[in-house]
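Beneath this line is the structure, given in structure tokens, with notes to follow.
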Protein chains: 2
Amino acid sequence: MRTQMVEYVHKLQDEICSAISQIDNNLYREDEWEREEGGGGRSRVFANGEVFEKAGVNVSVVHGTLSPEAAEKMGGGHQLKGQDLEFFATGISLVLHPKNPMAPTVHANYRYFERGLGEKEGSWWFGGGADLTPSYLFENDAVHFHQVHKDACDRHTVGNYNKFKQWCDDYFFIKHRGERRGVGGIFFDDVRTDDKQECFEFIKDCGDNFLNAYMPILERRMNLQFTEQNKIWQQIRRGRYVEFNLVYDRGTKFGLTTNGRIESILMSLPQTGRWEYCHEAESGSEEEKLLHVLRKPVDWLVS
Amino acid sequence: MRTQMVEYVHKLQDEICSAISQIDNNLYREDEWEREEGGGGRSRVFANGEVFEKAGVNVSVVHGTLSPEAAEKMGGGHQLKGQDLEFFATGISLVLHPKNPMAPTVHANYRYFERGLGEKEGSWWFGGGADLTPSYLFENDAVHFHQVHKDACDRHTVGNYNKFKQWCDDYFFIKHRGERRGVGGIFFDDVRTDDKQECFEFIKDCGDNFLNAYMPILERRMNLQFTEQNKIWQQIRRGRYVEFNLVYDRGTKFGLTTNGRIESILMSLPQTGRWEYCHEAESGSEEEKLLHVLRKPVDWLVS
């Protein structure tokens, strides 16, 4: 499984970067990096292209030894306790921030984790998901993004769209604002059954459908007209994105406290963000319409 | 002491806001707010004036009951343990972000805390400090800012400039970047002796000298010429300011997790910030000169 997943995330990185390159008329900067404690990664970042302000796609393959405290807190902690502190992890993580405020930011992450040899009950699992963060709400975009992910879930016994959709709404909650980061998608962790291959097929199906979920949305929004006020609102929403990632995101917090490669961890931050004191959306405005669904998540696929 | 300190922070807020108003040719927005659990505050924020992009000066007077866990972690925790969970706190907190990238951001905070009636050993203390965050280093600015604060320390037996300067360098450390937020100043907590009045006089002297420490620096930098590149660098430094405040600052973290007034807590964030992937200062540049002192703090007052 290690080999299969490592090959897969690299292939997916190539595929997604190639699609970005084409639409953005831009090349990425690639950095291969090593982690002192074991393993490394390959980061690719696009900046100042035609379509994206900043877009990063990162893969990593790392291994090492967990502290007993860290081990207890994670998947397998219950069964494995202090055993199998050696770990192996690989995954792909991406965040794309388009320039046009009508085009949403998107994030996806798929990962595989093993403790010890990954053979015992509870010693391996998959995690991941994808979520959409618009500055302006186009309901059909949210519906499309959710539908593609529901379809992927529905093709696999381990895929549970309703559960993963709820998990996503719960995870991307900016508590101090009372808002979600965006209109959600799917989020899951600790995905495992008796059949590792079956779980991998689900992850692959999600990853393979990332471009199907996002590109049609991007294509219909990236050339829409917008005003300076639209751009300012996008910057305010990007400020909230920064707040979520720095204050709540588990991956970011884990990276910052464990001596990860800072530039790859913070690659997820937008190029620019804005904080206006007591900014309020006008009553009845498009900005307020977005806030409404961020404050009270919608079941996009209920007709 | 409660009355004295409450009166003082309000008077200082008036004085500082009046100085900002005059130089910024701008008026502040004032919000008086109440805290559900007891007390409230008065926030004043300037936006888009001639000199400041964003400037906030906040006072608060709050009271309530500490959780036993919170109580143990704070000043007096050792002696008082589970006793005296009622608390009273008042203080002033300000952050000024000028537009011109040659003019530094400044932050100051002075506060008084009491547990119970504030009469027992260890049941009251003062805290605070002031620090300077330039995007471009002018050594004489750093020297002046430190000298004014050293002079204030030297006038009081409780003032220990060397200790408070070191504390400031340690506190405003952005660990994941290996940089301090700025060129420091003073920072202290748990200031108390047998003589409460003596401690208050020290705090007052620091507060009274805030404008002496900052305004001469602002006046000589606020009209300097600058390039678009200088402005981009300022925005990148502001991104680091956001990182410090959201990831490390104790006051911000406390506020976000205790249902504080969000807009007053996040008033400290700059209006705009920027994150460029793998930004590097050119060798020998002014940007690199700043990074050098952020990475290795300087004793500004050693001749």
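Net charge near residue B:116, counting Lys/Arg +1 and Asp/Glu -1 over other residues with Cβ under 10 Å of its Cβ?
On the way: positive: B:115, B:120; negative: B:84, B:86, B:114, B:119.
Residues near residue B:116 contribute -2 overall.
Calculate how steeply helix A:286-295 sits against the longest principal axis of the alpha-carbon atoms of chain A, using the helix alpha-carbon long axis, and give the answer as 0 to 90 degrees to the nearest 10.
30
In a shell of Cβ-Cβ distance under 13 Å around residue B:89, excluding residue B:89 itself, what net charge do Lys and Arg (+1) and Asp and Glu (-1) give? Don't skip to the answer; put the middle values down first.
On the way: positive: B:2, B:35, B:111, B:115; negative: B:37, B:86, B:114, B:189.
The answer is 0.
Averaged across the residues of A:261-271, what count of C-beta atoms belonging to other chains lies within 10 Å of each residue's C-beta?
4
Determine, for each peptide in B:15-27, A:205-217, the mean count of other beta carbons within 10 angstrom over its residues, then list the peptides with the highest first.
Ranked by mean Cβ neighbours within 10 Å, highest first: A:205-217, B:15-27.
Is there a quick way to get the dipole size of segment B:2-295? I mean about its Cα centre, with the Cβ of Lys and Arg at +1 and of Asp and Glu at -1; what is the value in debye to the nearest 20?
In total the dipole reaches around 440 debye.
What average number of partner chain Cβ atoms lie no more than 10 Å from the Cβ of the residues making up B:112-125?
Working: counts 0, 0, 0, 0, 0, 0, 0, 0, 0, 0, 0, 0, 0, 0.
Per residue, the number of nearby Cβ atoms from other chains is 0 on average.
Taking each label point as 7 Å beyond Cα in the direction of the beta carbon, state the distances from residue A:72 to the same residue in the other copies, shortest first, in nm.
1.5
Would you please give the residues with an amide H less than 5 Å from that of residue B:184, counting only those at least 5 places away or on a separate chain, with H modeled from the backbone geometry?
Sorted by chain and number, the residues that satisfy this are B:132.
Segment B:196-218 to segment A:2-36: how many Å between their Cα centroids?
For segment B:196-218 versus segment A:2-36, the Cα centre distance is 54 Å.
Could you pull the copy-to-copy label distances for residue B:83, with points set 7 Å along Cα to Cβ, in nm to one decimal and sorted shortest first?
For residue B:83, the other copies' label points sit at 5.1 nm, shortest first.
Quick check: the angle from helix A:210-221's long axis to the longest principal axis of chain A, C-alpha only, nearest 10 degrees?
10
Placing +1 at every Lys and Arg Cβ and -1 at every Asp and Glu Cβ, with all other atoms neutral, what dipole size does the protein assembly as shown have around its Cα centre, in debye to the nearest 20?
Result for the protein assembly as shown is approximately 140 debye, rounded to the nearest 20.
If we hang a label 7 Å off Cα along the beta carbon direction at residue A:193, how far is it from the matching labels on the other copies, in nm, shortest first?
Reported distances to equivalent positions: 7.3 nm.
Listing B:279, B:97 from the residue with the fewest other Cβ atoms within 10 Å to the one with the most, what is the order?
B:279, B:97
Residue A:239: net charge of surrounding residues, Cβ under 11 Å, Lys/Arg +1, Asp/Glu -1, itself excluded?
Working: positive: A:177, A:237, A:238, A:240, A:274; negative: A:243, A:276.
Result for the local shell: +3.
Please work out which residue of chain A brings its Cβ closest to the axis of the rotation superposing A onto B, and round that distance to whole Å.
Rotation axis A onto B, closest Cβ, rounded to whole Å: A:246, 2.
Give the angle, between 0 and 90 degrees and rounded to the nearest 10, that separates the Cα long axis of helix B:2-24 from the longest principal axis of the Cα atoms of chain B.
Tilt of helix B:2-24: around 20 degrees.
Readers should treat all values here as calculations from the given coordinates under stated rules, not as data from a laboratory. For clarity, every value in this text was computed on a predicted model and none was experimentally measured. Cβ sites come from the backbone with ideal geometry, for glycine too, and all protein chains shown count toward neighbours.
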